[in-house]
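Working notes for the structure below.
The values are calculated or read from the model by the stated rules, or taken from the named source; none is laboratory data. Keep in mind it's a predicted model, so treat the numbers as computed, not measured. Because the Cβ atoms are built from the backbone with ideal geometry, glycine has one as well, and the counts that use them run over all protein chains shown. Remember, those area values only see protein heavy atoms, side chains included, never the ligands or the DNA or RNA. Shrake-Rupley method; radii C 1.70, N 1.55, O 1.52, S 1.80 Å.
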Amino acid sequence: MDDRKMRVLTAVIEVYTHTGEPVGSKLVSEQMDVSSATVRNEMAALFNMGLLEQPHTSAGRLPSYTGYRLYLDQLMQTLPLTPKERGGVDALFNVRDPDPDKLLEDAAQALAQFTGCAAFTATMPPEAVTVKQVGILPSRSKAVVILIIASNGVVKSRVCRLDFALTPELLEIYNRFATATLVDKSLREISKIYLNSVAVSSGGYARVLTPILSGVYDLCQEISQGQFALSGEANLLSYKEFQPIAYEVLEFLGDRKNVLSLVQKAQGRTTVTIGRENSHPVLYDSAVVVTRYRIAGGATGAVGLIGPVRQNYAKMIPYLEYFSDTLGSLLAETYDEQQ
């Protein structure tokens, strides 16, 4: 790979990113100010090296996934954000007393709108998160609200319906028992086996405690799974690459576990996975970009994009990294205030 071949590959990728159409030698030669014949020879060499593809005999060339990987690893020069772009991100997060769940939803929506891709945001709590406070609050005669506050500041609640009338005495027993058996326990400790043993140890109250403990388990599972928001799935329909597989991709994105698996596989600060580098066949014609950030106390988060392989990575990656750093700082402040 001499310098001219690298310049031709870069030019082909940049043109294809903007047009989505096979790139001819004439267009590349105009950009590089060299003859069309020279560019044709270099493109033929890149084709033989597996870095370019030719969809049809008479068509121009497209970058292969191998060509994109070489570009990302060795040739791409990222473009720093302008003061205006930084200001736009800062303005988005200029929120007083934000709700973390709403903040993640708004962030995913803003990313999807800016990039034209499907965008997701997620937080992953540290393993040492414990139950800081638990409360059983009256709702109706046969219902209570279970409230759990975790040590990382996350608050979760749900209504639990009962098949018997609730009395003030029983409510007091609920709260006293829940505090004694759940507070300061880690989320890992609050397993189904542990809660079954708690119910058995309550003696005659086992039957009335069982629906409450089941609700506690579900809430602890929600906290341990972190927070998650997805937006912009319909954006993918505007790309011709996705139109033949739109249903399969949207079905994949509809399962939270699928999207979170993309975060778990990401390594380092920013990870770009293209084409068949993805472990899910439905994403073989896609690119996944995931940027991680730290919040506080061991908690981490990630923002990510799912879109066509032809992305302006040089601009997208710095934007995602600044976006994620700003989001992480705001979440850290929010969690500190809640604790």
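Out of the trypsin sites (Lys or Arg not before Pro) in region 12-112, which ones are loop residues according to DSSP with at most 15 other C-beta atoms within 10 Å?
96
With all protein chains present, how much of the accessible area of region 179-337 (probe radius 1.4 Å) comes from carbon and sulfur, to the nearest whole percent?
Solvent-exposed carbon and sulfur of region 179-337 make up 51 percent of the total.
Tell me, what % of the accessible area of region 70-178 is carbon and sulfur with a 1.4 angstrom probe?
Using a 1.4 Å probe with all protein chains present, region 70-178 comes out at 52 percent carbon and sulfur.
Kindly flag which residue pairs out of 192/265; 142/192; 5/26 have an alpha-carbon separation exceeding 21 Å in this structure.
Table pairs above 21 Å Cα-Cα are 192/265; 142/192.
By how many nm would the segment from residue 225 to residue 241 lengthen if fully extended, with 0.36 nm per residue of separation less the alpha-carbon distance?
Computed gain between residue 225 and residue 241 is 2.5 nm.
To the nearest 0.05, how large is the calculated FRET efficiency for residue 145 and residue 18 if R₀ is 56 Å and r is the Cβ-Cβ distance?
Efficiency, rounded to the nearest 0.05: 0.60.
So, for the chain, what is the accessible surface per residue at a probe of 1.4 Å, expressed in square angstrom?
50 Å²
Calculate how steeply helix 256-265 sits against the longest principal axis of the alpha-carbon atoms of the chain, using the helix alpha-carbon long axis, and give the answer as 0 to 90 degrees to the nearest 10.
60 degrees
Give the angle, between 0 and 90 degrees and rounded to the nearest 10, that separates the Cα long axis of helix 206-224 from the longest principal axis of the Cα atoms of the chain.
30 degrees
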